[in-house]
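What follows is a set of notes on a single structure, which appears directly below.
Please treat every number below as a calculation from the coordinates, not as lab data. Note that this is a predicted model, so its numbers are computed, not measured. For neighbour counting, all protein chains shown are included, and Cβ atoms are generated from backbone atoms with ideal geometry for every residue, glycine included.
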Amino acid sequence: MTTPFEFAGRISADHPALPGHFPGYPITPGVVLLNQVAQACAHWQPGARITAWPLVKFVSPLLPEEAFAIRLTGATPGTARFTLHVDVRLVASGQFTFTFDA
C-alpha cells in the first residue's frame, strides 16, 4: 500500500466534450472523468501508464465548473483504487492497473 494521493480539478463549461452531452443539461462524460483519473495517476506515479480499468462505477453526474477531488490509493503493486467526489458526494469510483514504460 502507498500513501493516498489527492488531486483536485474542475471541468470548464467550454470543454469540447460537453456540447450534446446532454442538450439543456450538460454533464461531464465518463471518458473525461477517466482522463482526469489518468492525469492524477501521472502526478502520483510519474512515468506510469494505465493499462486497464477492471472496475469503474459512475454514481452521480459531474456538472461543468464543479470542483472535484480524486483520491488514489495503491492496492497492490501495479493496481490502484480511485474515488472522484464533489465535497462528500461520490461521482465515480473504481480500480485501474498500471505499468511503467521502459
Query raised in the report: Can you give the charge dipole size of the chain about its Cα centre, rounded to the nearest 20 debye, using +1 on the beta carbon of Lys and Arg and -1 on the beta carbon of Asp and Glu?
Result: 280 debye
Report summary line: The simple spin-label model distance between LYS57 and HIS15, using points 7 Å out along Cα→Cβ, in nm, is 2.2 nm
**Report entry** Degrees between helix 30-44 axis and first principal axis of the chain (Cα, 0 to 90, nearest 10)
**Finding:** 40 degrees
Report task. Quick one: dipole size for region 53-102, taken about the Cα centre, charges +1 on Lys/Arg Cβ and -1 on Asp/Glu Cβ, in debye to the nearest 20. Result -> 220 debye
Query raised in the report: Near PRO64, within a Cβ-to-Cβ distance under 12 Å, what is the net charge of the other residues, with Lys and Arg +1 and Asp and Glu -1?
Result: -2
Report task. Over the chain, calculate the relative contact order: mean separation of alpha carbon pairs under 8 Å at least 6 apart, over the residue count, as a percent. Result -> 34 percent
Report summary line: Calc'd 3J(HN,Hα), region 49-59, phi into Karplus 6.51 cos²θ - 1.76 cosθ + 1.60 (θ = phi - 60°), Hz, glycine/Pro = x, comes to 10, 6, 10, 7, 10, x, 8, 9, 10, 9, 9
Query raised in the report: Ranked highest first by average number of other Cβ atoms within 10 Å, how do 30-38, 46-54 line up?
Result: 30-38, 46-54
